[in-house]
Amino acid sequence: MLTFLCPHCGAGTQNNLLWHNPQAYQEPFVLKVEGQREYRTNAVFQQFVYQCVVCTKATYFLRKNVPPIKQASSGPGNGMGIPSYVFRGHVAVVHQHPVPTVHVHPAVPEAVAGATDEAEKCYSIGAYNACAVMLRRAVDSLCQDRKAEGNDLYNRLKYLKDNQLITPDLWEWCEELRILGKSGAHPEWQDATREEAEYALRFLREILRYIYVNPHERGQRRLKENKALKDE
Ligand SMILES: [Zn+2]
């Protein structure tokens with residue numbers, strides 16, 4: 001049992017362990033401590049499949065587990081019985097499929113969610129120009145949803161900013177997505193890099209959270225509060 005945000009239905013809920021491979025493969029891990037010798041151990045990769053209790057869909061994780069490295073206990077000045085760590089070890093998620101995104105949230109309109117979903121898919125297969133183009137499309141869909149006026153995306157975003165439908169901060173982020181999307185679409189301009197695409201995707205998630213998800217969640221909370229008042 002593990003609690004995480006289900007990437008399929010968006011519920012922050014419990015997930016049951018369906019399948020586990022405790023040692024999928026290993027990889028040498030070398031720690032170089034300055035002025036000391038090298039420490040070698042193996043990082044173990046483990047696979048997990050969890051199933052959401054709400055929508056019953058499965059999510060895959062690849063986890064990298066680097067065990068702790070302890071100092072040899074027989075050395076001088078180390079006879080106190082206190083384990084002396086050179087490296088405390090760590091566990092990290094290397095890969096997850098699918099990845100949770102705010103666009104699965106029901107408050108995000110279909111056209112915006114569709115373009116965002118496609119951008120995520122392009123990113124996941126390394127198609128960064130295509131990702132940039134789809135991010136731009138998501139921003140344009142957002143403008144349409146907010147009934148922005150203007151003959152091009154630049155003016156539509158400016159309309160949203162001038163009418164205080166987005167904050168100056170969000171406007172700047174949207175502008176970055178617009179410009180990146182343009183370079184993704186034009187072969188004579190520079191290719192979008194992985195870093196740019198990742199950065200831009202993160203921007204878009206924040207934008208969607210601010211514009212759609214947060215107001216929706218605040219609304220839900222108010223509903224609960226009003227209901228609680230009535231019930232008293
Ligand atoms: Zn789910």
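Roll a 1.4 Å probe over the protein chains and send me the accessible area per residue for the chain in Å².
Details: 14510 Å² over 232 residues.
For the chain, the solvent-accessible area averages 63 Å² per residue.
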Which is the longest stretch in the chain that no exposed loop site breaks, taking sites as trypsin sites (Lys or Arg not before Pro) with a DSSP loop state and at most 13 other Cβ atoms within 10 Å? 148-232
For Arg205, the net charge from surrounding residues (Cβ-Cβ under 13 Å; K, R +1; D, E -1) works out to -2
Net charge over other residues, Cβ less than 13 angstrom from the Cβ of Val30 (K, R count +1; D, E count -1): +1
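Could you give the size of the charge dipole of the chain about its Cα centre, using +1 on the Cβ of each K and R and -1 on the Cβ of each D and E, expressed in debye and rounded to the nearest 20? List each step's numbers first, then the result.
Working: 28 positive and 26 negative charges, 160 e Å.
Dipole of the chain, to the nearest 20 debye: 760 debye.
Where in the chain are the DSSP H helices whose C-alpha atoms run 24 Å or more along the long axis and whose mean Kyte hydropathy is at least -0.5?
Working: long enough: 128-145 (25 Å, 0.18); 168-185 (26 Å, -0.40); 214-231 (26 Å, -2.33).
Correct list, ordered by number: 128-145, 168-185.
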Between Lys147 and Asp191, with labels modelled 7 Å along Cα→Cβ, what's the label distance in nm to one decimal, could you check? 4.4 nm
If I take R0 = 25 Å and measure r between the Cβ atoms of Phe87 and Arg202 in this structure, what FRET efficiency does the formula 1/(1 + (r/R0)^6) give, to the nearest 0.05? 0.25
Answer rounded, prolate or oblate for region 92-232, using the Cα gyration tensor with square roots of eigenvalues a ≥ b ≥ c: rounded when a/c is under 1.5, else prolate when a/b is larger than b/c, else oblate. oblate
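On a 1.4 Å probe surface of the protein chains, which of Ile179, Ile207, Ile125 comes out largest in accessible area, and what is the full order? Please report the intermediate quantities before stating the final value.
Working: Ile179 95, Ile207 0, Ile125 135 Å².
Result of the area sort, largest leading: Ile125, Ile179, Ile207.
Restrict the search to region 83-189; then list the GluC sites (Glu not before Pro) that DSSP places in a loop and that have at most 15 other Cβ atoms within 10 Å of their Cβ.
Answer by residue number: Glu149, Glu188.
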Separation of the Gln96 and Arg221 label points, Cα + 7 Å toward Cβ, nm: 2.3 nm
Please report, as a whole percent, how much of the solvent-accessible surface of region 2-97 comes from carbon and sulfur atoms (probe radius 1.4 Å). 52 percent
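The values are calculated or read from the model by the stated rules, or taken from the named source; none is laboratory data. Computed from a prediction, not measured in an experiment: that's the story for all the values here. Here Cβ is always computed from backbone atoms with ideal geometry, including for glycine, and neighbour counts include all displayed protein chains. Areas reflect the complete protein model, heavy atoms only, side chains present, ligands, DNA and RNA absent. Shrake-Rupley method; radii C 1.70, N 1.55, O 1.52, S 1.80 Å.
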